[in-house]
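Input: a single structure, listed below in structure tokens.
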Amino acid sequence: MTNGPTDTRPLSPHLTIYRPQMSSMTSIFVRVTGVALTLGFVLIVWWLLAASSSPAYFDKVNGCLTSWFGILVMVGSLWALWYHFLGGVRHLIWDMGYGFEIKTADMMGYIMIGGSFLMTALTLVMIGLCS
């Protein structure tokens, strides 16, 4: 509670005061990718429901998901899945009490970013999308 207009306590620090750090930006982006994964999940459920309804509707939905835009969304969802997964691994490491030094935390952030692109590329090669 405040004591009225004469209260001289400082305000809480705001995002404009701090410069972005690797650990904060990667953590925020883990949340963003978690929300974005919902789109890919909804599209996969849509595809499965279409497969169980009728061949004509499945062809329509399958055509949408195998278009260039559908493939772009699915590849983006795959990348988001790997990024979100690696962010979870990073948090498990932090939960065990390791990796809190700034240099180590920054390195783990770079590993998350690079690893997500690498794992996405490897997954695409394994499923045969990129030959």
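Taking Gly109, is it under 22 Å from the mean Cα position of the chain (by Cα) and either at pLDDT 95 or above or of a type in the set (S, T, N, Q) (or both)? Yes, satisfied. Restricting the stretch 28-57 to residues that are among the β-branched types (Val, Ile, Thr) and surrounded by fewer than 12 Cβ atoms within 10 Å (Cβ to Cβ), which is farthest from Ala80 (Cα to Cα)? The extreme case among them is Val45. Applying a threshold of 7 Å to beta carbon distances and a minimum spacing of six or more residues, or different chains, the list of pairs starting in the stretch 90-108 at a residue that is more than 14 Å from Thr26 (Cα to Cα) and ending at one that is part of a helix (DSSP H, G or I) reads Gly99/Ile93; Gly99/Ala105; Gly99/Met108; Phe100/Trp94. In the stretch 45-54, the count of residues that are β-branched (Val, Ile, Thr), in contact with a helix residue (DSSP H, G or I) (Cβ under 9 Å, 6 or more places away or on another chain) and part of a helix (DSSP H, G or I) is zero. Scanning the stretch 83-131 for residues that are surrounded by 11 or more Cβ atoms within 10 Å (Cβ to Cβ) and outside any helix (DSSP H, G or I) yields Tyr98, Gly99, Leu129, Cys130. Of the residues Leu78, Leu65, Leu92, which is out of contact with any Phe, Trp or Tyr (no Cβ under 8 Å at 6 or more places or on another chain) and under 17 Å from Leu124 (Cα atoms)? Criteria check complete, one pass: Leu78. Taking Ser12 as the residue in question, decide whether it is at pLDDT below 95, of a type in the set (Gly, Ala, Ser) and at negative phi. Answer is yes for this residue.
The values are calculated or read from the model by the stated rules, or taken from the named source; none is laboratory data. Computed from a predicted model, the values in this text were never measured in an experiment. All Cβ positions, glycine included, derive from the backbone under ideal geometry; neighbour counts span all protein chains shown.
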